[in-house]
1. Considering only region 32-39, I want to know if a residue exists there that is in contact with a Phe, Trp or Tyr (Cβ under 7 Å, 6 or more places away or on another chain) and at pLDDT below 95.
2. Which of the residues belonging to region 58-72 are surrounded by fewer than 17 Cβ atoms within 10 Å (Cβ to Cβ) and either over 13 Å from Arg37 (Cβ atoms) or touching an Asp or Glu at 6+ places or on another chain (Cβ under 9 Å) (or both)?
3. If I ask for residues that are touching a Gly at 6+ places or on another chain (Cβ under 7 Å) and among the small types (Gly, Ala, Ser), which ones from region 83-100 would you list?
4. Do you know which residues across region 18-47 are farther than 15 Å from Ala95 by Cβ and part of a loop (DSSP other than H, G, I, E, B)?
5. With the requirement that a residue be in contact (Cβ under 8 Å) with a residue 24 or more places away in the chain, farther than 14 Å from Arg37 by Cα and of a type outside the set (Phe, Trp, Tyr), what does region 82-92 give you?
Amino acid sequence: MTVSTFVESKSADSTAGASATADALANAFKALGDPTRLRILATLADGARCVCEIQAVVDVPGNLLSHHLKVLREAGLIEGARRGRWIDYRLKGSALDALARAVPPDPQALGLDMARCADACTRAEAEP
């Protein structure tokens, strides 16, 4: 499940949905953990760009650029549209919004029961 798939499905109500949400967020943040991918996202912040424009700005070989674009696509952070022999990429705003809401993480979105946590803390403090 990608971040954008979660945003569209709104499946955070179940434990399985919350686990999938946590996994999707972790994958998206992992995708952001590379400086080249961050430069790609910064390039796309101004709007859609074809691969040749991205490559001119990011300055990596074509095979590496394809790999980085694939990682970002699989994480649900960008999407591509074919235009003849070119592919134009753009940011997926819903996915970036979901990431922004996850920092700091919303415990309930990740399936954490904060009332149960508070009860456990109270019990631990009460024990001799």
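1. No, there is no match, as no residue in region 32-39 is in contact with a Phe, Trp or Tyr (Cβ under 7 Å, 6 or more places away or on another chain) and at pLDDT below 95.
2. Those that are surrounded by fewer than 17 Cβ atoms within 10 Å (Cβ to Cβ) and either over 13 Å from Arg37 (Cβ atoms) or touching an Asp or Glu at 6+ places or on another chain (Cβ under 9 Å) (or both): Asp59, Pro61, Gly62, Asn63.
3. Correct list: Ala95 only.
4. Gly33, Asp34, Asp46, Gly47
5. Result: Arg83, Ile87, Asp88, Lys92.
Listed here are the residues, each with its yes/no results for (1) over 15 Å from the mean Cα position of the chain (by Cα); (2) in contact (Cβ under 8 Å) with a residue 40 or more places away in the chain.
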position	(1), (2)
Thr43	yes, no
Gly47	yes, yes
Val51	yes, no
Ile54	yes, no
Val57	yes, no
Pro61	yes, no
Ser66	yes, no
Val71	no, yes
Gly76	no, yes
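The values are calculated or read from the model by the stated rules, or taken from the named source; none is laboratory data. All values reported here derive from a predicted model rather than from experimental measurement. Backbone-built Cβ (ideal geometry, glycine too); neighbour counts: all protein chains shown.
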